[in-house]
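Take a look at the structure set out below.
The values are calculated or read from the model by the stated rules, or taken from the named source; none is laboratory data. None of the values given here were measured: they were computed from a predicted structure. Cβ: placed from backbone, ideal geometry, glycine included. Neighbour counts: every protein chain shown. Note: areas computed on protein heavy atoms with side chains; ligands, DNA, RNA excluded. Shrake-Rupley method; radii C 1.70, N 1.55, O 1.52, S 1.80 Å.
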Amino acid sequence: MPKLNPDGTQFITLSSGYHLWTQTQGKGDIHLMTLHGGPGGTNEVFENFAERLAPYGVRVTRYDQLGSFYSDQPDFSDPANRQQFLNIDYYLSEVEQVRQHLGIDHFYLLGQSWGGVLAIEYALKYPEHLNGVILSSMIDNLDEYIVNINRIRETMFSKEDVAYMQQIEQQHAFDDAKYQALVSELGEHYLHHAKDPQPRHLISTLATPVYNYFQGDNEFVMVGALKDWDRRADIHRIAVPTYLTFGGHETMPLAAAERMAKTIPDATLHVTPNAGHGQMLDNPTDYFSHLGDWLVKTDTKTAFHSK
């Protein structure tokens, strides 16, 4: 049997027989696992996390979720696959399988956007494995997000453009060139506030079937399976230290973040200035310095209380 460097790249085999791409980098006593957004995005937003967090003694594990670019991609045109895998319970169980396969325990879990949904669910179900949870640009329900994203549209675009977009959405003519240009404008201003910092590929790496099933056709059209997700009644039960980090100019409503910071028993809220939804790309200096400081402070406190 080949020997694997524990600080490296490896594929793990799930109970379903499918395989996930994983990578662990960095050295230190603090172990951070990251959950990417989308749904159907990739781990690439976390490529430099180990390097950026190295001064704080953090090891970083990242992986692509099932259906995403670097991991196996089931045929989601098969209804049986959609029923088995396209649900929050499956992706939550996947987080736990990754943890077990890699032998990780007493770790920090960071969820970005959709990954934050999974991080909240994991913190509620498996708190015994966590030293803390980080919610990066994700609130505890989708209702407030939907209201906020449409408020953004009304402030960004003229009444005529908003009416045009709504008409296109009613017709499901999402390939319309003008409509696509308006959606792209939202992305450049709120998803990634800095000038073009996001990773680029020569082809699309988005797992479109996963994204469409959970979200819809784009950020404005929240008609997928996630639209009714709401943990506002349960958020007070998160029993581990929680770090809430949001961009100062992003799609998630900051008022909801402030409410969460007051509701979760041990919560810290940080707003990254000059940053959108992809705050680690827009303002990495601020994002990583505050995240690293919180991890060290929290880990020191956790270690003290465990003695």
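Of the numbered conditions (1) surrounded by fewer than 22 Cβ atoms within 10 Å (Cβ to Cβ); (2) over 17 Å from Tyr287 (Cβ atoms), Val45 satisfies every one except a single condition; which is it?
Of everything listed in (1) surrounded by fewer than 22 Cβ atoms within 10 Å (Cβ to Cβ); (2) over 17 Å from Tyr287 (Cβ atoms), Val45 misses just condition (2).
Among the listed residues Leu135, Leu102, which satisfies the condition of being touching a residue at least 60 places away in the same chain (Cβ under 8 Å) and within 20 Å of Trp294 (Cβ to Cβ)?
Leu135
Considering every residue within the range 22-32, establish whether at least one is touching a residue at least 60 places away in the same chain (Cβ under 8 Å), under 17 Å from Gly116 (Cβ atoms) and crowded, with 18+ Cβ neighbours inside 10 Å.
Yes: the range 22-32 contains one or more residues that are touching a residue at least 60 places away in the same chain (Cβ under 8 Å), under 17 Å from Gly116 (Cβ atoms) and crowded, with 18+ Cβ neighbours inside 10 Å.
With (1) in contact (Cβ under 8 Å) with a residue 24 or more places away in the chain; (2) open to solvent by 60 Å² or more (accessible area, probe 1.4 Å) as the list, and Phe288 as the residue in question, which single condition is left unmet?
It is condition (2) that Phe288 fails.
Give me a count of the residues in the range 234-251 that are modelled with pLDDT under 95, open to solvent by 20 Å² or more (accessible area, probe 1.4 Å) and touching a Leu at 6+ places or on another chain (Cβ under 7 Å).
Selection size over the range 234-251: 0.
Considering only the range 160-182, I want to know if a residue exists there that is within 24 Å of Gly67 (Cα to Cα) and touching a residue at least 60 places away in the same chain (Cβ under 8 Å).
Scanning the range 160-182, I find no residue that is within 24 Å of Gly67 (Cα to Cα) and touching a residue at least 60 places away in the same chain (Cβ under 8 Å), so the answer is no.
What's the number of the only condition in (1) without any contact (Cβ under 8 Å) to a residue 24 or more places away in the chain; (2) on the phi > 0 side of the Ramachandran plot that Asn274 fails to meet?
(1)
Quick check, is Ala275 small (Gly, Ala, Ser), under 23 Å from Met33 (Cα atoms) and open to solvent by 40 Å² or more (accessible area, probe 1.4 Å)?
No: the conditions fail for Ala275.
How do the helices (runs of 4 or more DSSP H) wholly within the range 71-157 filter down when requiring 2 or more residues that are closer than 27 Å to Ala233 by Cβ and open to solvent by 10 Å² or more (accessible area, probe 1.4 Å): which remain?
88-102, 114-125, 143-156
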